[in-house]
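Okay, structure first, notes after.
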Amino acid sequence: MDPLIPTFVLLFAGLFAVMLLLWAVPVRLWIEAISSRASVGLGSLIGMRLRKVSPPAVVRPLIASTKAGLPLDVSHLEAHYLAGGNVDRVVRALISADKATIDLPFQQAAAIDLAGRDVFEAVQVSVNPKVVQTPRVAAMAKDGIQLIAIARVTVRANINRLVGGAGEETILARVGEGIVSTIGSADTHKKVLENPDAISKTVLQKGLDSGTAFEILSIDIADVDVGKNIGAELQTDQAEADKRIAQARAEERRAMAMAAEQEMKARVEEMRAEVIAAEAKIPLAMADAFRSGNMGIMDYARYRNIESDTHMRKAIAEGDPDGPVATE
């Protein structure tokens, strides 16, 4: 057996052991922690590797907090990493809060981060309030004139209400609702244009930041424009609607009158037909009267005289001077 084979095997095994040790123990990171006086042992680093935790994602934020005079427990940082949180963002938020003398414990910062909010940005907004602008809010005063207002809302983050508190959208919606209510309660649009600050004062007194993650510091009306004359348009539309209703009712009455007239004409024609039918029976009745002896020639002459007199009176009534003349 070649004596060099055991030597190569031992050399390979030693090289593998060194590579495994360098992977399990990030020596450079450990040296950085030691030089920064951050308490991280070799056993903790090896445990992070075994628990599939990225050592730089935990150790470097620990170094930053130690340098900032804010000692943290490496086990807490590792637990937050395993929970899916952003360790670097939480640590930066804690450092910023500590420098701004804001009471922010690690557990609260971790809860805010796990809730999906940017805890570092929240601390910045708490230190430096930001301004959010509402969209164009249209409202109508009591005189029917439309006003379009834009407001700028200065808000500051409320750390204690970040978890479970409403966001900026709720603030903007409430401010818009307050603007509509305030303009709608004004007697005339001129009063609103004369004192636009009255809108902000009224809206600010309503406590719109209740239940939100922010505290409203001020509400400033940036712009107020005059829109349409909604009252006049509504009156015009109402008058047009009343006109159409009146026309429909008049048309209904006209149709009913025409129907009644047609019915009356039909009744008259029916009566006329009955009269003609009755008149057609007169000669037959007279012939029967002659045959039976109930009527003589003198009676017939008087009948004809009465008939001629009736036609004459009818012609005079209708203005016909050439009508028939009665005979004796």
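The values are calculated or read from the model by the stated rules, or taken from the named source; none is laboratory data. Bear in mind the structure is a predicted one, so any value in this text is a computation, not a measurement. As a convention, Cβ positions derive from the backbone with ideal geometry for all residues, glycine included, and neighbour counts pool all protein chains shown. Note: areas computed on protein heavy atoms with side chains; ligands, DNA, RNA excluded. Shrake-Rupley method; radii C 1.70, N 1.55, O 1.52, S 1.80 Å.
A few comments on the model shown:
- Remark on Glu215: its backbone amide H falls under 5 Å from those of Arg156, Ala157, Asn158, a criterion applied only to residues 5 or more positions apart or on other chains, H modelled at 1.01 Å from N.
- The chain: angle of helix 230-280 to the longest principal axis, Cα-based, in degrees nearest 10: 30
- Hypothetical label at Gln247: residues of the stretch 221-238 whose amide nitrogen lies under 16 Å (7 Å Cα-Cβ projection): 236-238
- The stretch between Lys265 and Gln133 holds 40.0 nm of extra length on full extension. This uses 0.36 nm per residue minus the Cα-Cα distance.
- Formal net charge of residues neighbouring Ile230 (Cβ-Cβ distance under 15 Å; K, R +1; D, E -1): -2
- Probe 1.4 Å, accessible area per residue of the chain, Å²: 64
- Between Thr101 and Glu307, the simple spin-label model (points 7 angstrom out along Cα→Cβ) gives 13.1 nm.
- Relative contact order of the stretch 88-170, pairs being alpha-carbon contacts under 8 Å that are 6 or more residues apart, as %: 27
- Accessible surface of the chain [probe 1.4 Å, protein heavy atoms]: carbon and sulfur percent: 58
- Longest DSSP-loop-exposure-free segment, trypsin sites (Lys or Arg not before Pro), the chain, at most 14 other Cβ within 10 Å: 143-280
- In plain terms, the chain from Asp237 to Ala83 could stretch by 49.2 nm, reckoned as 0.36 nm per residue minus the Cα-Cα distance.
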